[in-house]
1. Using the alpha carbon gyration tensor of region 18-58, what are the three equivalent-ellipsoid semi-axes (square root of 5 times each eigenvalue), largest first, in whole Å?
2. How big is region 36-84 in terms of Cα radius of gyration and Dmax, in angstroms?
3. Among 79, 26, 43, whose Cα lies farthest out toward the positive end of the dipole of region 4-90, if unit charges sit on the beta carbon of Lys, Arg (+1) and Asp, Glu (-1)?
4. Could you go through region 84-90 in sequence order and give the Karplus-derived ³J(HN,Hα) for each residue, using 6.51 cos²θ - 1.76 cosθ + 1.60 with θ = phi - 60°, rounded to whole Hz, and x for Gly and Pro?
5. Using bins 10 angstrom wide from zero, how does P(r) for the chain break down, in % of all Cα pairs?
6. In square angstrom, what is the accessible area per residue of the chain with a 1.4 angstrom probe?
7. Measure off, as a whole percent, the carbon and sulfur share of the 1.4 Å-probe accessible area of the chain, all protein chains present.
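The values are calculated or read from the model by the stated rules, or taken from the named source; none is laboratory data. Quantities reported herein were computed from a predicted structural model and do not represent experimental measurements. Heads up, the Cβs are rebuilt from the backbone with ideal geometry, glycines too, and the neighbour counts pull from every protein chain shown. We work out accessible area using only protein heavy atoms, side chains counted, and drop any ligands, DNA or RNA first. Shrake-Rupley method; radii C 1.70, N 1.55, O 1.52, S 1.80 Å.
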Amino acid sequence: MNAKDNREMIKDLYQILVSLENEKDAKNLLDDLCTNKEVEQMAQRIRAARLLMEGKTYNQVIEETEISSATLSRVSRCVKYGKGYNKMLK
């Protein structure tokens, strides 16, 4: 698969995500796309981002979410410098 095909597939995914109308549609799509563990891990990252935005320490977030320190570090960078968490979680 070439880079253009890959970009088109990713764009298609984004378009499908923005077309979702409600929580049930989101659940159904994620159930089809992801394993239960993958959905849990995404939810864990969102919860960790919320806690960081509330001012919780790394240790508090790890204790509450059981997220790995490596994943929490990535979430923290995205909270500080990314575009998604700050827009969607406020």
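1. Numbers: eigenvalues 124, 35, 7 Å².
Over the Cα atoms of region 18-58, the ellipsoid semi-axes are 25, 13, 6 Å.
2. For region 36-84, the Cα radius of gyration and maximum Cα-Cα distance read 9.9, 29 Å.
3. In region 4-90, that residue is 79.
4. For region 84-90, the Karplus-derived couplings read x, 4, 4, 6, 7, 9, 8 Hz, x marking Gly and Pro.
5. Binned Cα distances yield the sequence 15, 37, 36, 12, 1.
6. Numbers: 7290 Å² over 90 residues.
With the other protein chains kept in place, the chain gives 81 Å² per residue.
7. Numbers: 3730 of 7290 Å².
Ligands and nucleic acids excluded, carbon and sulfur give 51 percent.
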